[in-house]
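Enquirer: Pasting a structure below so you can have a look.
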Amino acid sequence: MFLVLSSTTSAYPTPTLSLPCAAVAYPGATVSVRSKSRVSAVSLHLDEQPFVPEVEKAVDSLYSEFRAVDNLVARNSARVLKAFQNARVGSHHFSGSTGYGHEEPGGREALDQAFAEIFGAESAIVRAQFFSGTHAITCALFAFLRPGDELLAVAGAPYDTLEELAEDGGLDWDALRVALKPQTKCALIQRSCGYSWRRSLSVDEIGRAIKIIKLQNPNCLVMVDNCYGEFTERIEPPMVGADLIAGSFIKNPGGTIAPCGGYVAGSKNWVAAAAARLSAPGLGVDCGSTPGDIMRIFFQGLFLAPQMVGEAIKGSLLIAEVMAGRGYKVQPGCRVPRHDVVQAVQLGSRERLLAFCEAVQRSSPVSSFTKPIAGATPGYASEVIFADGTFIDGSTSELSCDGPLREPFAVYCQPLDSMGTSSRRGLNSCRQCLWKLSVDIEKLTMVKNLAENRHGNIASPD
């Protein structure tokens, strides 16, 4: 079967394009499409292959892993749909409110109810007034803690009280069994890896840690930093005993379209205490305005979130497969279950880290013409470089990466194409980045080899 594109001018000869997929959909059919002037010029580039063979091969080899992700997306999407139905979400909830928010038409409560059910929590607050995940986490911690209280950070750097991790990069369970003290008021578990070279924690591992914590000190409250982990599994931390979770709404749960916000979910009394830290004591959760356009996007983003997270997981699997094939260390490893959307790659040098981030920026839908520059950033101990050509500032959701310029020069990727409606389209920007990166890496390696050979050294390809 062929699709024939014909131009109205003789300047563009008629090309033909084989469409096997159309032949399957319409057996025995012949399709002829006549285009307007100059449209067929696009066809001059249709037969070009924009991706290197190793990337195409990796995509094909990950078929079973991608199918498993599709099943995860289906289950999580069904849970979200059921929660929306149980909350009786209607179009009247999208109108939002102004000022104090006293005339809010029910959208705030419906969103909180749906979010709580999705995450297995007793209560939740989703608010535009949280300006970052860190802000939401801070409010949650202050709900638990008072001056002089002891906080135990379970998952290591950057929140270190248990410095040593196990050899496999997971939690040191033996250390955790003796870590709690009678005065320990709160245990903080960071689900994602941050800038640490460790595995992100599964919800099952978080549940095991909570049991160990509660056995030592039943009064110790457990707070989970849930950023980057939402919808990467079928269950969430409140379902295994977390007292509170908190995170950013512009990342996973906002479905790439939420323009702002954060959330806290968990036990009702502690959610109310966190809300009091966000606003003021006594105001509770029934205050604060949200403009109508924002409220609708909050609902829509949450509904789309499982699909968008699924695309991100596929992107992380692809990056791990290709980069490991080129000899780089990756975390998490190839074809292992994902517990967040972060894929780390050890590049081994400052030059490679900069080249990777520059390639990602060139492949971004926004500000692709800019060059990321490393520099000091508040809250970071080292120079950091960011590549984030995203529609929402800080969302990291259209394929972004960043990394500290220190050994082992690891880059932390959050791969996702917010325009993706299928796995192939959702991986486009990942593949283009890897293709451009491969060119840059080869150039850097050649330059390095030439320089070292001039001095009589034998250069390593890495």
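Enquirer: So in the stretch 224-239, with the set limited to residues that are assigned to a loop (DSSP other than H, G, I, E, B), touching a Ser or Thr at 6+ places or on another chain (Cβ under 8 Å) and not aromatic (Phe, Trp, Tyr), which one is surrounded by the fewest Cβ atoms within 10 Å (Cβ to Cβ)?
Expert: Residues of the stretch 224-239 assigned to a loop (DSSP other than H, G, I, E, B): 226-236.
Cutting the leftovers down to touching a Ser or Thr at 6+ places or on another chain (Cβ under 8 Å) gives us 227-229, 233.
Checking the rest, the ones that are also not aromatic (Phe, Trp, Tyr) come to 227, 229, 233.
Values: CYS227: 26, GLY229: 29, GLU233: 19.
So the residue we want is GLU233.
Enquirer: Go through the residues of the stretch 9-17 one by one and say whether even a single one is at pLDDT below 50 and hydrophobic (A, V, I, L, M, F, W, C).
Expert: yes
Enquirer: Would you point out the residue of the stretch 80-101, among those that are free of Cβ contacts under 8 Å to residues at least 40 places away in the same chain and part of a helix (DSSP H, G or I), that is farthest from the chain's Cα centre (by Cα)?
Expert: HIS92
Enquirer: Give all pairs with beta carbons closer than 7 Å in which a residue from the stretch 377-402 that is within 15 Å of SER132 (Cβ to Cβ) meets a residue that is basic (Lys, Arg) and crowded, with 22+ Cβ neighbours inside 10 Å; count only pairs at least 6 apart in sequence or on separate chains.
Expert: Every condition considered, the pairs that remain are SER395/LYS251; THR396/LYS251; SER397/LYS251.
Enquirer: Out of the stretch 372-409, which residues are among the acidic types (Asp, Glu), out of contact with any Phe, Trp or Tyr (no Cβ under 7 Å at 6 or more places or on another chain) and surrounded by 13 or more Cβ atoms within 10 Å (Cβ to Cβ)? Outline the logic, then answer.
Expert: Step one: of the stretch 372-409, the residues among the acidic types (Asp, Glu) are 383, 388, 393, 398, 402, 407.
Checking which are out of contact with any Phe, Trp or Tyr (no Cβ under 7 Å at 6 or more places or on another chain) leaves us with 383, 388, 393, 407.
Matches in the stretch 372-409: GLU383, ASP388.
Enquirer: Looking only at the stretch 343-367, which residues are of a type in the set (Ser, Thr, Tyr) and over 24 Å from GLY229 (Cα atoms)? Give the derivation first.
Expert: Within the stretch 343-367, the first condition is being of a type in the set (Ser, Thr, Tyr), and the residues that meet it are 349, 363-364, 367.
Passing the criteria: SER349, SER363, SER367.
Enquirer: If I filter the stretch 254-264 for residues that are under 24 Å from the mean Cα position of the chain (by Cα), surrounded by 19 or more Cβ atoms within 10 Å (Cβ to Cβ) and assigned to a helix (DSSP H, G or I), do I get at least one hit?
Expert: Going through the stretch 254-264, the residues under 24 Å from the mean Cα position of the chain (by Cα) turn out to be 254-264.
From what's left, surrounded by 19 or more Cβ atoms within 10 Å (Cβ to Cβ): 254-258, 260-264.
Checking which are assigned to a helix (DSSP H, G or I) leaves us with 254.
Yes; the residues of the stretch 254-264 include at least one that is under 24 Å from the mean Cα position of the chain (by Cα), surrounded by 19 or more Cβ atoms within 10 Å (Cβ to Cβ) and assigned to a helix (DSSP H, G or I).
Enquirer: May I ask you to verify whether PRO365 is surrounded by fewer than 17 Cβ atoms within 10 Å (Cβ to Cβ) and within 28 Å of ALA258 (Cα to Cα)? Let's see the steps before the verdict.
Expert: On the way: surrounded by fewer than 17 Cβ atoms within 10 Å (Cβ to Cβ): yes; within 28 Å of ALA258 (Cα to Cα): yes.
When the stated conditions are applied, PRO365 passes them.
Enquirer: Return the total of residues in the stretch 28-77 being at pLDDT below 85 and in a helix (DSSP H, G or I).
Expert: 11
The rows are residues; the columns are (1) outside the structural domain of TYR195 (by TED's automatic domain parsing); (2) in contact with a strand residue (DSSP E or B) (Cβ under 9 Å, 6 or more places away or on another chain).
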| position | (1), (2) |
| --- | --- |
| THR290 | no, yes |
| PHE298 | no, yes |
| MET323 | yes, yes |
| VAL330 | yes, yes |
| GLY333 | yes, no |
| ARG338 | yes, no |
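Enquirer: Can you give me the number of residues within the stretch 340-368 that are over 20 Å from SER395 (Cβ atoms) and part of a loop (DSSP other than H, G, I, E, B)?
Expert: Looking only at that region, the number is 3.
Enquirer: Pairs, please: C-beta under 7 Å, at least 6 apart or cross-chain, first residue closer than 16 Å to ILE313 by Cα and surrounded by 17 or more Cβ atoms within 10 Å (Cβ to Cβ) and in the stretch 52-68, second of a type in the set (Lys, Arg) and modelled with pLDDT of 90 or more?
Expert: Short answer, once both residue conditions are applied: GLU65/ARG335; PHE66/LYS314.
Enquirer: Is it the case that the stretch 293-315 has a residue that's part of a loop (DSSP other than H, G, I, E, B) and either in contact (Cβ under 8 Å) with a residue 12 or more places away in the chain or not β-branched (Val, Ile, Thr) (or both)?
Expert: No: the stretch 293-315 contains no residue that is part of a loop (DSSP other than H, G, I, E, B) and either in contact (Cβ under 8 Å) with a residue 12 or more places away in the chain or not β-branched (Val, Ile, Thr) (or both).
Enquirer: Any residue in the stretch 130-141 that is surrounded by 20 or more Cβ atoms within 10 Å (Cβ to Cβ) sitting within a Cβ distance under 6 Å of a residue that is part of a loop (DSSP other than H, G, I, E, B)? List the pairs, counting only those 6 or more apart or interchain.
Expert: So the pair list comes out as PHE130/GLY261; GLY133/CYS227; ALA136/PHE130.
Enquirer: Residues of the stretch 53-87 being of a type in the set (Phe, Trp, Tyr) and over 27 Å from GLU117 (Cβ atoms), which ones?
Expert: At the first step, the residues of the stretch 53-87 found to be of a type in the set (Phe, Trp, Tyr) are 63, 66, 84.
Of everything in the stretch 53-87, those that are of a type in the set (Phe, Trp, Tyr) and over 27 Å from GLU117 (Cβ atoms) turn out to be TYR63, PHE66.
Enquirer: Quick one: is GLY120 among the small types (Gly, Ala, Ser), modelled with pLDDT of 95 or more and under 21 Å from the mean Cα position of the chain (by Cα)?
Expert: yes
The values are calculated or read from the model by the stated rules, or taken from the named source; none is laboratory data. Quick caveat, the model's predicted, so the values are computed rather than measured. Backbone-built Cβ (ideal geometry, glycine too); neighbour counts: all protein chains shown.
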